[in-house]
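The values are calculated or read from the model by the stated rules, or taken from the named source; none is laboratory data. Bear in mind that the values here come from a model prediction, so they are computed numbers and not experimental data. Cβ atoms come from the backbone with ideal geometry, glycine included; neighbour counts cover every protein chain shown.
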Amino acid sequence: MLSDRELQVLALLANGNTSAETAAGLGISKRTIEDHVRHACAKLGALNRVQAVALASKAGLIDPQPAASGRYCNASMNHGDVLRGPNASR
């Protein structure tokens with residue numbers, strides 16, 4: 001099972017954010033983003049971040065919603081903003 005933070009990172013990457021942009025928006029280091037991606041890849045059996053995003057999206061774990069600019073990274077964003085399912089708050 002992916003952690004809330006791993007799902008959040010994958011959704012932000014799916015929206016076109018770079019690791020650096022995602023890190024800055026979440027107030028964590030780029031290295032931490034890369035660790036979250038690496039852990040998500042291992043859990044999903046993905047070979048890379050693109051495949052991890054695709055697998056998470058196909059499984060309904062993330063619901064990328066790009067902003068008008070195509071980018072969205074907000075430090076106050078919570079996991080309900082990127083998750084689908086009964087626990088998602090919309």
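Couple of notes before you dig in:
- Enumeration of residues in the stretch 21-44 that are without any contact (Cβ under 8 Å) to a residue 12 or more places away in the chain, farther than 15 Å from Ser3 by Cα and exposed (fewer than 15 other Cβ atoms within 10 Å of the Cβ): Ser29, Lys30, Arg31
- Among residues of the stretch 1-41 being hydrophobic (A, V, I, L, M, F, W, C) and not in a helix (DSSP H, G or I), the one that is nearest to the chain's Cα centre (by Cα) is Leu2.
- Test: residue in the stretch 80-88 that is outside any loop (DSSP other than H, G, I, E, B) and at pLDDT below 50: yes
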